[in-house]
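Colleague: Take a look at this one; I'll ask things after.
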Amino acid sequence: MAHPARANGAYRLVAAIVRPFLRATTRRDWRGTENLHRAGGFIAAGNHATEIDPLTFAHVLWNNGVAPRILAKASLFRVPVLGGILRSTGQLPVDRGGSRAADSLGPATAALAAGEVVAVFPEGTLTRDPDLWPMAGKTGVARLALASRAPVVPIAQWGATELLPRYSKRFRPFPRKRITIVVGTPVPLEDLYDRPSDAVVLREATDRVLDAITALLEQIRGEQAPRPRFDLRDHPEYEERRTVYPPVPGR
């Protein structure tokens, strides 16, 4: 297949390595990919349950002609080798907290204006929900969507934790794992564009995006997500100890 038009040489090289690896270790069940065939820039927003999610997420985008610019936490760009790969392929660093968090979205807004696709995981980190449902998100996706007015396309995926469980170092490539990805239609946010981007509006936009992703994941899993959504702000102990998440009752 042809490379996405906006992919540079480094991006094409990485894809030439990663895509055969994913073909060898996963079985694809992709639905709704016609929603990725859009003119102009858009935000691809997905759930985040394991460290390998960005690869399986980018796989469906790449195979549909999109070379995503993935928002990744700034600290990853300081990791030897990985940081060089992220920079050379044009990925976008973002500060997840503090006064610089909003300012760090500037390059992503510019990328959208230039017709690029920016990939975002609205939760901001791996979900701590005990059953891997999307948890309450950060407002970065809302800030980006309202500032750029770019469509937000929700994408849910399920099965990547069978390949690499959450926070695990035990990669399990065989037998091949089924990765189900469903792409939805853009999240309605137009009624929020002209309202002040205060905490209420940002939370409303964030919740709409996560509601759309969660609804797609409910379709995949054939079950209903818990309500209310797990909120990391109510559990600071899990934020500080990043490898710990709530225990699953009865297990």
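Colleague: I need the trypsin sites (Lys or Arg not before Pro) found in segment 153-208, filtered to DSSP loop residues with at most 13 other beta carbons within 10 Å of theirs. Walk me through the intermediate numbers first.
Modeller: Numbers: sites: ARG166, LYS169, ARG170, ARG176, LYS177, ARG178, ARG203, ARG208; in loops: ARG166, LYS169, ARG170, ARG176.
Those that pass, being in a loop and sparsely packed, are LYS169, ARG170.
Colleague: Next question. What spacing in nm lies between the two simple spin-label points modelled at ARG172 and ASP234, each 7 Å away from Cα in the Cβ direction?
Modeller: 3.0 nm
Colleague: Would segment 1-120 count as rounded, prolate or oblate if I go by the C-alpha gyration tensor, calling it rounded below 1.5 in a/c and otherwise prolate when a/b exceeds b/c, oblate otherwise? Kindly include the intermediate steps, with their values, before the conclusion.
Modeller: Working: a/c = 1.56, a/b = 1.29, b/c = 1.21.
Prolate.
Colleague: Among the lysines, select those whose C-alpha is under 29 Å from the C-alpha of LYS138, and discard any that sit fewer than 8 residues away in the same chain.
Modeller: Counting by Cα, and skipping residues close in sequence, LYS138 has these lysines nearby: LYS73, LYS169.
Colleague: Let me check I have the definition right: for segment 108-251, take the eigenvalues of the Cα gyration tensor, multiply each by 5, take square roots. What are those semi-axes in whole Å, largest first?
Modeller: On the way: eigenvalues 154, 71, 44 Å².
Here the semi-axes work out to 28, 19, 15 Å.
Colleague: For all pairs of alpha-carbon atoms in segment 32-181, what percent lies in each bin of width 5 Å, listed from the first bin to the last filled one?
Modeller: For segment 32-181, the pair-distance distribution reads 2, 9, 18, 22, 22, 17, 8, 2, 0, 0.
Colleague: To the nearest whole percent, what portion of all C-alpha pairs in segment 1-58 is separated by more than 12 angstrom?
Modeller: Values: 1269 of 1653 pairs.
The calculated P(r) of segment 1-58 puts 77 percent of pairs beyond 12 Å.
Colleague: I've got another one for you. Please give the direction-averaged projected area of the C-alpha convex hull for the chain, in square nanometres with one decimal. Walk me through the numbers before you get to the answer.
Modeller: Working: hull surface 54.9 nm².
The number I arrive at for the chain is 13.7 nm².
Colleague: Still on this model: For segment 134-236, what is the relative contact order in percent, using Cα pairs closer than 8 Å and at least 6 residues apart in sequence? Don't skip to the answer; put the middle values down first.
Modeller: On the way: 115 pairs, mean separation 42.3, N = 103.
Relative CO of segment 134-236 lands at 41 percent.
Colleague: Taking Cα pairs under 8 Å and at least six residues apart, what relative contact order does the chain come out at, in percent?
Modeller: Numbers: 415 pairs, mean separation 65.3, N = 251.
Relative contact order comes out at 26 percent.
Colleague: So what's the back-of-envelope 222 nm ellipticity for the chain, counting only DSSP H runs of four-plus at -39500 (n - 2.57) apiece and dividing by all residues, rounded to 500? Write out the running numbers ahead of the final one.
Modeller: Numbers: 8 runs with 83 residues, N = 251.
Result for the chain, helices only: -10000 deg cm²/dmol.
Colleague: Further, regarding this structure: If you plug each phi of segment 227-232 into the Karplus form 6.51 cos²θ - 1.76 cosθ + 1.60 with θ = phi - 60°, what whole-Hz ³J(HN,Hα) values come out, in order, with x for Gly and Pro?
Modeller: In residue order, the calculated couplings are 10, x, 5, 4, 10, 4 Hz.
Throughout, read-outs are computed from the coordinates displayed, never taken from laboratory work. All figures in this text were calculated on a predicted structure; none of them were measured in a lab. Methodologically, a virtual Cβ is constructed for each residue, glycine included, from the backbone with ideal geometry; neighbour enumeration extends over all protein chains shown.
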